[in-house]
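Let me begin by presenting the structure, written as structure tokens, before commenting on it.
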Amino acid sequence: MIPVNKLNTPVGPMKVTQTDKNLEYAGGAVHGLCLIGTDFDIKLRKGLNEFLEKQTFMHEMLHTIEIMNGLEFEEYEIDTLATGLIFLMRNNPKVVEWIQK
Ligand SMILES: [Zn+2]
């Protein structure tokens, strides 16, 4: 369960919602969506395992940086960055704490 329902992002405040519905992007099933336009919403599929939920959430948060900066990453690049950031954050809690101050 994601511990927040709102998120401050580079594109502004966003809602965070989890849904039982299937999510699709470009005709394929996805675990999450980053909707920026009329809605500012990060949606995640319910029922993902704990790591996949965190990885998908990080993935969708990284899309906000991508969009804000006019970048165009491939999905596998966003996935690689999301997994790498989670690894760095989990294995360096003092650095995360230092950044937060
Ligand atoms: Zn994506």
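Where a number appears in this text, it was derived from the coordinates with a stated rule and is not lab data. Worth saying up front: this structure is predicted, and the values here are computed from it rather than measured. Here the Cβ is made from the backbone with ideal geometry for all residues, glycine too, and neighbour counts use every protein chain on show.
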**Complete:** Exactly one of Thr64, Thr38, Thr56 is of a type in the set (S, T, N, Q), away from the ligand (no atom under 15 Å from the Cβ) and out of contact with any helix residue (DSSP H, G or I) (no Cβ under 7 Å at 6 or more places or on another chain), and that one is Thr38
**Gly32 being out of contact with any Pro (no Cβ under 7 Å at 6 or more places or on another chain), of a type outside the set (Lys, Arg) and within 12 Å of the ligand (Cβ to nearest atom)** = yes
**Request:** Output yes when any residue across the range 69-79 is touching a residue at least 40 places away in the same chain (Cβ under 8 Å) and outside any strand (DSSP E or B), and no when none is.
**Result:** yes
**Request:** Tell me which residues, restricted to the range 36-58, are within 18 Å of Ala82 (Cα to Cα) and surrounded by fewer than 16 Cβ atoms within 10 Å (Cβ to Cβ).
**Result:** Asn49, Glu50, Phe51, Leu52
